[in-house]
Amino acid sequence: MAEPMGFFTDTTICIGCKACEVACKEWNQLPAANGGVNTLSGDSYDNTRRLDGLHWRHVKFVEQFTPDRSEGRWLLMSDVCKHCVQAGCLEVCPTGAIIRTEFDTVVIQSSACNGCRDCIGACPFGVIDINPVSGTAQKCTLCYDRLQAGMEPACSKACPTDSIQFGTIADLRQRAEARVGQLRGQGENRAQLYGADDRMLGGLNSFFLLIDRPEAYGLPPDPKMPSRNLAPGSLWATLGGILVGIAGLVSFRNRGNRP
Amino acid sequence: MSEVPSTLFTAAPHWRWLIVFYFFLGGIAGGAYLIAALIDLFGRPWDRPLARLGYLVAFPLTVVCGILLVVDLNRPLRFWHMLLASETLTPMIKWWSPMSVGAWALLLFGFFTLLSFVAALADDGWLRWPGLARLRPPGILGTIVVVLGGLLGFFIAGYTGVLLAVTNRPIWSDTSLIGLVFLISSASTGAAVLMLLARRRAVANAEGLHALERFDTLLLVLELLALVALVVSLGSLARLWLNTWGVLLVLGVVGVGIVAPLLLHRQARTSALAGASAAVLVLVGGFLLRVVIVLSSESV
């Protein structure tokens, strides 16, 4: 296996240019949504709005303004599949279409997916959706095809500020720690890493530097594996089965007294 | 500052009406079969016509379930990818994924319901090959078929709730009790269908019908308790039901589907209409339960 590879996205230097979105769409040949008809969100410069089967990168525009709008700031964050070390989508996929690659990334094989959509609800981050063209679940592949050819993913290659950095996880974590230290030294005490260590789902191979709570960026504060409910859910259902069985025996059993 | 629940940051898998109908009809199939199996294995010989009804219901419904699930896929022709790995053609099963296990269980349940269906037809004299009747108890072969089919019936009746829990969606994965509620409700709706058919076809004696009524009464009480526990287990997430879904849950599922049939069951011995109405309301409630559970999370 090659070394684990991933993204480190430093949201503090994202300028919201969406070059990553465009580069992703171009390389992965993702068509425009809605037949190319422009749909504007109407309340933000963010018209992509969410990750889905046709959008594998999404630059979030988080607007934080005081009610009188005298003070405010933009939080910009290029969102993407987190390529979790413990991946909920991969765990539930009943066709085996979702695999872990030699780069420790998570890829949906479109040729095997049958569109059951279990992975969509299993993803703790809401990253996956159906691509209406293929009829299969799709998301960022961390440019698996480019990685196999020794190339860098399209989005990080296109990023003009290096907000999206690509590299080995070990190297990226070092860079991220240094950047947090630098920001804190400059007085930005809210600087924190999201998913950079193995406490969150075994580690996110695509992790982030944030300067607010994860919720502010639309990120779950405590993402979990779907299988956390497997044992308790099965035990409760089994108990239900026993109760139903007892009710059945009580009601139907042969007492030998013919009516 | 209190944390926002993490399940609210996820995306809906677009499981809508086809899935609601699958959960409902699959529940009836599993419930009807497990009741039939219980009667055949432990019940009174003169209730066997009632069990035969269960087998006659279970197989066609299971076929419909399979069709619903295939049609719901975005790539229906690839339905078999759930059973065989599409590249290697080796068996595809992940015991920790309820959908994977469920696909196999539904296939096997279809097989056993077919055997029992054929046996029921042979018992009825529709199929003139007496050997087929041995696929029903008494007798070793019939007992094996009904025990395995019955266990699968229990599984089909409840696994769908566990499948919902093994996601990261709000409501579904915020409680472990949906499987419990679905299983009880499945048995109840299965009993309701048997009650209706038994009355219509006059196959069961009064004793058999009373046993079904008694069984369903127990189940409705259990279901009510389980539903209350489910709402409590949701904690702060229960606020997601402080809207039309909650009204539908309280009035439709509990009022129409549990409380009203409980009252009507008490009069069923004297009034055939009350008995039939109770069964119909149980079916309405069982359907609405799945509507609320599935679609309320889909709409978050």
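No lab work stands behind these numbers, since they all come straight from the coordinates. These numbers were taken from a predicted model, which means no experiment stands behind them. Cβ atoms come from the backbone with ideal geometry, glycine included; neighbour counts cover every protein chain shown.
Below is a table of values for the structure above.
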item	result
Label-point separation, A:Glu3 to A:Asn47 (7 Å along Cα→Cβ), nm	4.1
Chain A: DSSP helices with Cα axial extent of at least 18 Å and average Kyte-Doolittle hydropathy no lower than 1.6	A:230-252
Residue order, fewest to most beta carbons within 10 Å, for B:Thr113, A:Thr136, B:Thr244	B:Thr244, A:Thr136, B:Thr113
Fewest-first ranking of A:Cys123, A:Cys14, using other Cβ atoms within 10 Å as the exposure measure	A:Cys14, A:Cys123
Cysteines in chain A that, by Cβ-Cβ distance, have no pairing candidate under 4.7 Å	A:Cys14, A:Cys17, A:Cys24, A:Cys84, A:Cys93, A:Cys113, A:Cys116, A:Cys123, A:Cys143, A:Cys159
Axial C-alpha extent at least 30 Å, average Kyte-Doolittle at least 0.5 - helices from chain B (DSSP)	B:17-42, B:48-72, B:98-124, B:140-165, B:178-201, B:206-234, B:272-298
GNM result for chain A, Cα springs below 10 Å: residue of A:Thr12, A:Thr101, A:Thr39 fluctuating most strongly	A:Thr39
Length-normalised contact order of region B:104-210 in % [C-alpha pairs under 8 Å, at least 6 apart]	18
Within 10 Å of each Cβ in B:96-104, the average number of Cβ atoms from other chains	5
Residue exposure sequence - A:Cys143, A:Cys116, A:Cys17 - by fewest surrounding Cβ within 10 Å	A:Cys17, A:Cys143, A:Cys116
Cα-based Lys pair tally, the protein assembly as shown, threshold under 25 Å, eight or more apart or on separate chains	20
Fraction of beta bridges assigned by DSSP in chain A that are antiparallel (%, nearest 5)	85
Dipole magnitude of chain A, debye to nearest 20 (Cβ charges: Lys/Arg +1, Asp/Glu -1, about Cα centre)	1060
Inter-site label distance for B:Arg200 and A:Val133 at 7 Å from Cα along Cβ, in nm	4.9
Rounded to 5, the percent of DSSP beta bridges in the protein assembly as shown classed as antiparallel	85
FRET efficiency estimate (nearest 0.05) - Cβ-Cβ, B:Val300 to A:Val37, R0 22 angstrom	0.20
